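Here the structure comes first, spelled out in structure tokens, and everything after it is commentary.
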Amino acid sequence: MKLKLNPLQKVTAVLTIYASGAISVNLGQDVIYHLLATVGFAVILFFLFSKLSGKKKNIYNTLISSLIIFLVLHYGTGTSELIYPLLATFITIFSKFFLEIKGSPVINPVVFGLLLTYFITLVVPGLEPLFISWWGTSYSYSIAYDTGNYFLDTPIPIALIIIAIWILFHLKPWRKYPILISFLLLHAAILFIQDFFFSQATGIDKKCDTTFLCFTFTDATIYFFASIMLIEPRTSPILKKGQIVYGTLAALTYNLIRYLGYAHFDLIAIAIANLYFFISKKLKANKS
């Protein structure tokens, strides 16, 4: 019997494999606590909120959101810092059950949960600003072998391989390639221009592996951002033209906010793109 997974199950499976790799590379007590405070806590909240609200939600959506939080939000040192993943997870899952408009969120729930948690940590005395490091989105396995004269350590970019397989072979059912391509192309163009003007201004002709462009696009994080979080189905457009505008807006705001020096410019860019889609959808509904 051939096992056939639906799109949500595929995303969950990919993120589970992704998270397993991140755990194996960073194995330790703090990472396990972080997993329990995100994925474990999210599952408990799913059943609790399902009972309280009477709503029938798909648990795979909860697993996907909690796995993303696990990979993006940095794990703390010691149990005292579990307040951060617990709060972010609570806000995210709560929003899925109680803050949706006509069954759909305005902003990607994970982005909403992380940003709101960040702003809370800025105003509550005794809390450090939320550290969103994307720690689990990029990792490699090192293979060391003896060449005869010396040992050679070769990194294998496992995270990059996993996300490449996801994009090339499993993203198609979501029909979000226009968002992904428009964002990545414009982002690459902006980074290329940035590197060019840096070289012109400083007279330093940097090697490819030291430029913003090469560093960004040989790392798995930007692909995780664009193919997992930016394309979230319910907060991004369906039609091709709308997707191109959405991806272009995300790339422009991503780089503008980064240039201005604001924290978590990547998440803010997603939130702005989400709001654009929500407002444009409402305007079209009012006209019809």
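Read the figures in this text as sums done on the coordinates, not as results from a lab. Quick caveat, the model's predicted, so the values are computed rather than measured. Reconstructed Cβ throughout: ideal geometry from the backbone, glycine too, with neighbour counts over all protein chains shown.
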Original post:
Dipole of the chain, Cα-centred, from +1 at each Lys and Arg C-beta and -1 at each Asp and Glu C-beta, to the nearest 20 debye?
Top reply: 1980 debye
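Report the gain in length on full extension from Phe131 to Phe196: 0.36 nm times residue separation, minus Cα-Cα distance, nm rounded to one decimal. Please report the intermediate quantities before stating the final value.
Values: separation 65, 0.36 × 65 = 23.40 nm, distance 3.11 nm.
So the extension gain works out to 20.3 nm.
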**OP:** Output the peptides 38-47, 237-246 sorted from most to least packed, where packing is the average of other Cβ atoms within 10 Å over each peptide's residues.
**Re:** 38-47, 237-246
Original post:
Can you run phi through the Karplus equation (6.51, -1.76, 1.60; θ = phi - 60°) for the range 255-262 and list ³J(HN,Hα) in whole Hz, with x for Gly and Pro?
Top reply: 6, 5, 5, 4, 4, 6, x, 7
Subject >> Note, ³J(HN,Hα) from phi for the range 158-163, Karplus 6.51, -1.76, 1.60, rounded to Hz, x at Gly and Pro >> reply: 4, 4, 5, 5, 4, 5
Subject >> Relative contact order %, the chain, counting alpha carbon pairs below 8 Å whose residues are six or more apart >> reply: 18 percent
**OP:** Starting at the first residue of the range 243-253, write each ³J(HN,Hα) from the Karplus equation 6.51 cos²θ - 1.76 cosθ + 1.60 with θ = phi - 60°, in whole Hz, x for Gly and Pro.
**Re:** 5, 5, 4, 4, x, 5, 4, 4, 5, 5, 5
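Tell me the mean residue ellipticity at 222 nm calculated for the chain from its helices only (DSSP H runs of n ≥ 4, each -39500 (n - 2.57), averaged over every residue, nearest 500). Write out the running numbers ahead of the final one.
Details: 12 runs with 172 residues, N = 288.
Roughly -19500 deg cm²/dmol at 222 nm, from the helical runs in the chain.
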Subject >> Most positive-pole-ward Cα, Ile181, Thr248, Phe278, against dipole of the range 173-287 from beta carbon charges >> reply: Phe278
